[in-house]
Structure formats: structure tokens, C-alpha cells
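Heads up: the structure comes next, in C-alpha cells.
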Amino acid sequence: MVFAFQGCLSYGTNVRAVSPRAYDLATKDLDPPLAIVDLNAFDANAEDLVRRAAGHPIRLVSKSVRCRHLLERALAKPGFTGLMCYSLAEALWLCGEGLSEDIVVAYPTADHAALRALAADERARNTVTIMVDSPEQLDLVDAAIGREHPEIRVCLELDASWRPLPGLHVGTRRSPVFRPRQAAALARTIGERPGFRLVGVMAYEGQIAGLPDTPAGAVRRAAVRWMQRRSAAELARRRAAAVRAVRAVADLEFVNGGGTGSVESTRADAAVTEIAAGSGLLGPALFDGYSRFRPRPAALFALPVVRVPGSGTATLFSGGYIASGPASGSRLPAPYLPEGLRLLGTEGAGEVQTPVTGKGARDLRVGDRVWLRHAKAGELAERFDEYHLVTGDQVERTVPTYRGEGKNFG
């Protein structure tokens, strides 16, 4: 069933915009569509993440950046250490490029070719840690590379969702390992399996890190904040018990938790030794709805005005860069500059055209450009081959994204 909504969409308009003139001047010799990263904003966001982490090392989440140069820039800053990749093939590539000697793959893998490559590369085996949450994943590794294989580093994922009542699940559906006794049992299984060494525990609290706490409506806002407080308290108790149980049978190197949206509550958990973060570097539109922090918009894309169909409306070329997740208006790109623009509720962001309306559209003419923000951080890099790195009103340099380097990790 398809529903047509009348009206306009205005997600992300609560962020104070900078003058569009600097970005227009910086890219005046470039044809849109194009994407930029404001390096001043990127660096300020990195400093803010380090401040919020309050001494906890930040493991940089690569899927939220997907640009090798920007990963290197962040890792060069004090407070960032190690990478968290989303694919084993990606981890092997970045290991081979020398980006880090400490890489964790955040999701279990079924990539037999990548597992064989990992087993055959001693440097990679000492650098890359894969994720597991069941004995079946160990069986898959054995099937891919043979039972008598070199030692593979593994991290155990503890499910961090909140389950206050039977049948009620709040958060992402990730690991089947929820209780401390389950974590201990899997840790013992890993310890008994030749060719595996358990070195870490990870728990991602998506219901806190990935859920803005300032939704519209006082009742809903209060409910979200109440849930997050209760969830954080429950997780702190359960994670501490699980880590104690796992440490009884394995010598852990790290306990990873959090995300950009939960740095404060994650750092307060004594069991956590490091915090995962990445989206906060680029400040996507979905991060406008948090009360605890406010990253500066750093990643933007420009679209050209190609027609003016009526007073107060301008049509942009392309623009249908829809973010992953539940299908809703929050996944649409957000018009940013000039200020006072909204998407049309009847069209949204289209495959080949994106109409915008509002006060900011009155002065737009054919050939002008409009700057927008993607709802999520890393997915913009899947749309563009390169990022133009801007400082003030100058392009400092142009660098390839993963896509521009011919890399696609699913």
C-alpha cells in the first residue's frame, strides 16, 4: 500500500547554517552534483568526541566515514585508536594499506574468500579481530579455511538491547548472547576450540546511541529519555556481570561499547575500556535530534537548480540519496543552504529531480546550487567517487571515497 502525503518535509532545519558563499566560492569551478567535507567542522567534531569520551580511547567506526584519507586524518588525532570495520574484506584492505594495527570487524562474516586471506596473512591475523556470537560461526571459519588453521582473533558480541518485559525488545536485533551465563558459555567454547583466541567483548547500545532523545512532542520526548536512562542502568549491570564471567576464562584486551550518540552513558560504565564512534565526525542530519551533543555539519552535497516550475519552488537535479533504516521522512536528505528550504511531501528526494520550496527558494535561479546533508554519515560516500576537502572558501584537496577507489564492501 502506498500513501501520498501532502505538504512539506523539513527534517534537519533546526541546525544553524553557515553562509553558503564560502562553499559556493570554494567549488565555483566544479560542476554539481558534488560532495564536500568541511575540514574545520570535521576537526572540531573530532575534538568534541574526544572531549565527550573523557579519556576513553575512541575506536573509529569506518562505515561512518568510508574515505581512507579521512580515516587517516581522524586516527592521527590524539584520543582515536584502532578501527572498527563493517566487513572483513574491508578490514583486510585497510590493514594492507597500513591504516591501523588494531582492527575489529563489528559484524560476523560468512566471506570464505576473506577468511582464507586472513588465515594466509600473518600480519592480518595479528591485526584483525573478527566478531562471533555463536559456535556456528566458529564452524563456518573452520569450513572456510580447514580445522587446522593458524590462530584467529575473535571478539564476543553481547546483545545490548533492553528487554524490560517478556516479548518486549527495545534496540537492534544483534547477538543471541544476552545473559552473562550465555557469554561465559560461549567464551568457554571459544577457549576449547583450537585455532581461536578470544580477545574482546563488544556491546552496541543502539537504543541509546542511535535514537535521538528530542523527538517532537513532550510525551514522546519524556518516554525516550526515560527508556534510555533505564536501559543504560540495566546494561551497565548486565555488561559488568558478563565481562566478569568472560574474564574468568579469557584474557581480554578490550571491552567496546557505545556509539556517537551514547558516549556519555557508555564512558560511565566501568566495564567498558573503549568507545566506538564515527558518525559524529561528519554530523549527518539524523544527529540533529540529540540533547547531549551537537556536531557541526561537515559532509555536504550540492545539487544544481535546473528548473523553476513556479513561484517559491525550484527543482534540483538528482538527489534521491535515501538513508538505510526504516522507511520514513527522517531518512531523506535535509536541505541546508540556503536556509529556509524544504522538500515537498508529495515528491521527497527523487531519482532524477528533487523539488524544494519555502522562503529560501524564492531567489533561486537556474544554475544556482543548493547544499544538502545526508541523513546518515557514511552512506554519502556510496554516492560520490570523491570528496572535495574545503577549508574556508578554498578546496584544500580532493580525495577518493571507497567508491572512488573501486571498493564496495556491501
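The values are calculated or read from the model by the stated rules, or taken from the named source; none is laboratory data. Quick caveat, the model's predicted, so the values are computed rather than measured. Cβ coordinates were reconstructed from backbone atoms using ideal geometry, including for glycine residues, and neighbour counts include every protein chain displayed. Note: accessible area is taken over every heavy atom of the protein model, side chains too, but ligands, DNA and RNA are not part of it. Shrake-Rupley method; radii C 1.70, N 1.55, O 1.52, S 1.80 Å.
Observations on the model:
- Among the numbered conditions (1) open to solvent by 20 Å² or more (accessible area, probe 1.4 Å); (2) under 19 Å from residue 250 (Cα atoms); (3) in a loop (DSSP other than H, G, I, E, B), the only one that residue 137 does not meet is (3).
- Matching entry among 364, 372, 341, 332 (being in contact with a helix residue (DSSP H, G or I) (Cβ under 7 Å, 6 or more places away or on another chain) and buried (at least 20 other Cβ atoms within 10 Å of the Cβ)): 341
- Residue in segment 158-178 that is in a helix (DSSP H, G or I) and surrounded by fewer than 21 Cβ atoms within 10 Å (Cβ to Cβ) present: no
- When every residue of segment 283-293 is checked against the conditions, none turns out to be modelled with pLDDT of 95 or more and among the polar types (S, T, N, Q).
- Test result for residue 213, touching a residue at least 40 places away in the same chain (Cβ under 8 Å), over 30 Å from residue 151 (Cα atoms), in a loop (DSSP other than H, G, I, E, B) and open to solvent by less than 40 Å² (accessible area, probe 1.4 Å): yes
- For residue 309: the one exception among (1) within 19 Å of residue 364 (Cβ to Cβ); (2) open to solvent by 10 Å² or more (accessible area, probe 1.4 Å); (3) in a loop (DSSP other than H, G, I, E, B): (3)
- Unmet requirement for residue 326, which otherwise passes all of (1) farther than 15 Å from residue 211 by Cβ; (2) surrounded by fewer than 16 Cβ atoms within 10 Å (Cβ to Cβ): (1)
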